[in-house]
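The values are calculated or read from the model by the stated rules, or taken from the named source; none is laboratory data. Given the structure is predicted, the values throughout are model-derived calculations rather than measurements. Reconstructed Cβ throughout: ideal geometry from the backbone, glycine too, with neighbour counts over all protein chains shown.
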Amino acid sequence: MTASSSAPRAVTRLGIIGAGRIARAVMAGIRNGEAGAYEVCAVLARRQADRTDITAPLTTDRTEFLAAAPDLIIEAAGPTALAEHGEAALAVADLWSISGMALADLALAGRLEAAGRQSGHRLRLLGGAIAGLDAAAIAARDPGARIRIEAITDEASAGAPAFTGTARQAMAQLHGVNVVAAAAIAGTGLDATELVFFERRPGARRYFNIHIESRLGNYVMSSSPNLSPETGATTIVAASVITALLQAQQTIWAG
């Protein structure tokens, strides 16, 4: 009997929006084979740059970028990039984004929803530096579920919070809280999710604590990403993208 060999997995073509630290870290992981069978076919950047660490074709023209016909587009450039390119990207492929803050704009969220429904493509928000999205989504099946997020530091008890309110209100007043947006959207929504936010001084450790109360159960999750003084959360956010890519090609996975 001749043993049969499994066919090699087809390579998925990726378009990357962004050429900053997170995007370059993601591309490095793909080049190193950490993500599986992927290749970057195009990179869309705000400005043309001679970067030796970007080997894929780089353009500042969105039409040229989309003409590369990516199978999947990853936005790794921030909320402004999602707002600017999200609709056009969804017209040609599924879109993964690290920038949930952008969806606090109801008009933009509506346009992205409409674009996805028209094309059949979907927008996925990646968790980045926060855990607990699955629990938030499960708890949200209870209309009476309550989700509270605390963004604290190891010095939080030393002063009053800089912000207390809903996640949607936070998006208009705070910076760098894409993880809060992702958790809120996964769960009860931006208007029904409460946030208590403490500023973090350089060198202090950040903790994101999610408290969930629902008829399905009560959950408490705490995430404390390792932040670099030079690059912030680049490593953990890039790792979340690489992990999602790897899982998308696994035959069996959890979560």
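Observations
- Residue satisfying condition, being closer than 16 Å to Gly127 by Cα and outside the structural domain of Gly18 (by TED's automatic domain parsing), within set Ile242, Ile210: Ile210
- Meets criteria (in contact (Cβ under 8 Å) with a residue 40 or more places away in the chain, assigned by TED's automatic domain parsing to the domain that holds Thr80 and closer than 23 Å to Val220 by Cβ) for Gly100: yes
- Strands (runs of 3 or more DSSP E) (entirely within the range 155-222) containing at least 2 residues that are of a type in the set (D, E, K, R) and in contact with a strand residue (DSSP E or B) (Cβ under 7 Å, 6 or more places away or on another chain): 206-214
- Members of the range 211-242 that are closer than 23 Å to Ala167 by Cα and acidic (Asp, Glu): Glu213
- Flag if Ala129 is surrounded by 15 or more Cβ atoms within 10 Å (Cβ to Cβ), among the aliphatic types (A, V, I, L, M) and either assigned to a loop (DSSP other than H, G, I, E, B) or not assigned by TED's automatic domain parsing to the domain that holds Glu87 (or both): yes
- Checked across the range 145-160, the condition of being among the polar types (S, T, N, Q), more than 21 Å from the chain's Cα centre (by Cα), over 28 Å from Gly110 (Cα atoms) and surrounded by fewer than 16 Cβ atoms within 10 Å (Cβ to Cβ) holds for at least one residue.
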